[in-house]
Amino acid sequence: MNLCFPGCLTVSGPSTVMGTMGESLSVQCQYEEKYKTFNKYWCRQPCLPIWHEMVETRGSERMVRSDRVVITDHPGDLTFTVTLENLTADDAGKYRCGIATILQEDGLSGFLPDPFFQVQVLVSSASSTENSVKTPGSPTRPSQCEGSLPSCAYFLLLPLLKVPLLLSILGAILWVNRPWGTPWTESMNRRTCHTPCPLEPCPETQPL
């Protein structure tokens with residue numbers, strides 16, 4: 001939840017931004033026209049001067065750099081940009097882009113909170129595709145199952161469809177090469193041998 005008070009909506013910006021480790025991240029905050037001449041700042045919450053460094057524009061200095069942080073005021077379009085360079089995992093957290101108005105704006109009495117907007121910074125690790133090392137001369141073969149679901153199902157069912165086909169071919173080969181002496185033909189041979197054999201004895205009664 002963003003901390004808000006009367007007048008804080010004079011500064012607006014993204015509530016959450018994400019960057020990649022080792023790269024740069026820019027945040028743009030917008031303000032009302034009456035704050036064109038005020039100093040703009042960026043700091044880490046809770047923005048305590050002793051423990052958290054603040055980067056702030058000063059008068060005519062529209063761009064100020066502090067280590068890896070650069071803040072640039074663009075009064076022409078009423079915005080100021082903060083750039084975080086060479087992001088690290090420690091850069092993740094809550095920040096504040098605000099306008100230094102304490103004891104500067106007419107009508108202010110005492111120390112009143114500056115108008116600011118809270119920004120959540122997220123830092124992700126480098127993508128796996130950038131970190132992966134490919135061996136030269138050994139391109140990766142695409143998977144046959146890359147693509148739509150029907151094509152994947154086809155390649156998975158193809159071996160199952162080949163099994164019945166091979167069994168059918170094997171059965172046909174066995175049928176063609178089967179022995180022709182069937183029980184029916186052997187029964188017919190026995191019946192014909194029951195009749196007298198005028199010329200030679202039947203095979204069943206042939207003497208040894």
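Values in this text are rule-based calculations from the coordinates and carry no lab data. Because the structure is a prediction, the values reported are computed rather than measured. When we count neighbours, we look across all protein chains shown, and the Cβ atoms used for this are built from the backbone with ideal geometry, even at glycine.
For residue 25, what is the net charge nearby, where nearby means another residue's Cβ is under 10 Å from its Cβ and Lys, Arg count +1, Asp, Glu -1?
Here the charged neighbours net out to -3.
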**Message:** Net charge around residue 69, counting only other residues with Cβ within less than 9 Å of its Cβ (Lys, Arg = +1; Asp, Glu = -1)?
**Reply:** -1
**Inter-label distance for residue 18 and residue 174, nm, one decimal - labels placed 7 Å from Cα along Cα-to-Cβ** = 6.1 nm
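Could you order peptides 58-64, 82-88 by the average number of other Cβ atoms within 10 Å of their residues, highest first?
Ranking the peptides 58-64, 82-88 by packing returns 82-88, 58-64.
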**Prompt:** In nm, to one decimal, how far is the modelled label at residue 77 from the one at residue 30, with both set 7 Å along Cα→Cβ?
**Reply:** 1.1 nm
**Request:** Would you please put 16-24, 66-74, 34-42 in order of how densely packed they are, using the mean number of other Cβ atoms within 10 angstrom per residue and starting with the highest?
**Result:** 34-42, 66-74, 16-24
**Message:** Report D for the stretch 43-93 in µm² per second (integer): Stokes-Einstein, Kirkwood Rh on Cα pairs, 25 °C, 0.890 mPa s.
**Reply:** 203 µm²/s
